1. Pick from 11, 46: which is more than 16 Å from the chain's Cα centre (by Cα), surrounded by fewer than 21 Cβ atoms within 10 Å (Cβ to Cβ), closer than 22 Å to residue 125 by Cβ and in contact (Cβ under 8 Å) with a residue 12 or more places away in the chain?
2. Has segment 139-154 got at least one residue that is surrounded by 13 or more Cβ atoms within 10 Å (Cβ to Cβ), closer than 27 Å to residue 16 by Cα and without any contact (Cβ under 8 Å) to a residue 60 or more places away in the chain?
3. Going residue by residue through segment 25-43, is there one that turns out to be crowded, with 17+ Cβ neighbours inside 10 Å, more than 27 Å from residue 200 (Cβ to Cβ) and free of Cβ contacts under 8 Å to residues at least 60 places away in the same chain?
4. Restricting attention to segment 138-175, report how many residues are in contact with a helix residue (DSSP H, G or I) (Cβ under 8 Å, 6 or more places away or on another chain) and over 20 Å from residue 206 (Cβ atoms).
5. Assuming residue 84 fulfils every condition listed in (1) in contact (Cβ under 8 Å) with a residue 24 or more places away in the chain; (2) surrounded by fewer than 20 Cβ atoms within 10 Å (Cβ to Cβ); (3) under 25 Å from residue 16 (Cβ atoms); (4) under 17 Å from the mean Cα position of the chain (by Cα) apart from one, which condition is it?
6. Would you check which residues across segment 137-162 are within 16 Å of the chain's Cα centre (by Cα) and either at pLDDT below 95 or in a loop (DSSP other than H, G, I, E, B) (or both) and list them?
7. Among the residues of segment 98-112, write down those that are farther than 17 Å from residue 143 by Cβ and out of contact with any helix residue (DSSP H, G or I) (no Cβ under 6 Å at 6 or more places or on another chain).
8. Residues in segment 163-172: is at least one assigned to a strand (DSSP E or B), surrounded by 16 or more Cβ atoms within 10 Å (Cβ to Cβ), in contact with a strand residue (DSSP E or B) (Cβ under 9 Å, 6 or more places away or on another chain) and modelled with pLDDT of 95 or more?
């Protein structure tokens, strides 16, 4: 199974909620709400709307960074970056019924997240992306290959999802090297027909 995750974003004409709706209409069934610079009130209101959409489509709803909000809203889980709450602490707060994902750039990051109870890893960036402000070193196919080899050697079986500037053309190669899935954001919204673009990506991922 090769999963496709969508990370919410916005454009001058598309809101965060609209972006989630586009992804869901295109067949994506995993939405991560990421709103790095939003106020607490704005984030909460948007989270409620996006969660309702996800429930309508029977999709997994993940909130980026905000562990307590995920708990209050009974989201499906949280995704934590390197500067966010440590995964171990999040697991203590949330218990075992929430999905917890962690961002990794190296095998050591990944190993640490696995030891601390992460359920999956968002690993990247694959290539340069404008969506992230502080970009870690770019991995490319060779970087993923190296990390996946090290995982095999150490018996780690955590799902690894590629992220960062991924397009539909990258899917065959990323599937072939053994990633568990990909996460996409602005590439969908910048497409001429975003819903159609997501449908095509879901088709290629199957």
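The values are calculated or read from the model by the stated rules, or taken from the named source; none is laboratory data. Quick caveat: nothing in here was measured; it's all calculated off a predicted structure. Quick reminder, even Gly has a Cβ in these numbers, built from the backbone with ideal geometry, and neighbours come from all protein chains shown.
1. 11
2. The answer is no, given that none of the residues of segment 139-154 is surrounded by 13 or more Cβ atoms within 10 Å (Cβ to Cβ), closer than 27 Å to residue 16 by Cα and without any contact (Cβ under 8 Å) to a residue 60 or more places away in the chain.
3. Checking segment 25-43: at least one residue is crowded, with 17+ Cβ neighbours inside 10 Å, more than 27 Å from residue 200 (Cβ to Cβ) and free of Cβ contacts under 8 Å to residues at least 60 places away in the same chain.
4. The qualifying residues number 12.
5. Going through the list (1) in contact (Cβ under 8 Å) with a residue 24 or more places away in the chain; (2) surrounded by fewer than 20 Cβ atoms within 10 Å (Cβ to Cβ); (3) under 25 Å from residue 16 (Cβ atoms); (4) under 17 Å from the mean Cα position of the chain (by Cα), residue 84 breaks only (1).
6. 158, 159
7. 98, 99, 101, 112
8. The answer is yes, given that some residue of segment 163-172 is assigned to a strand (DSSP E or B), surrounded by 16 or more Cβ atoms within 10 Å (Cβ to Cβ), in contact with a strand residue (DSSP E or B) (Cβ under 9 Å, 6 or more places away or on another chain) and modelled with pLDDT of 95 or more.
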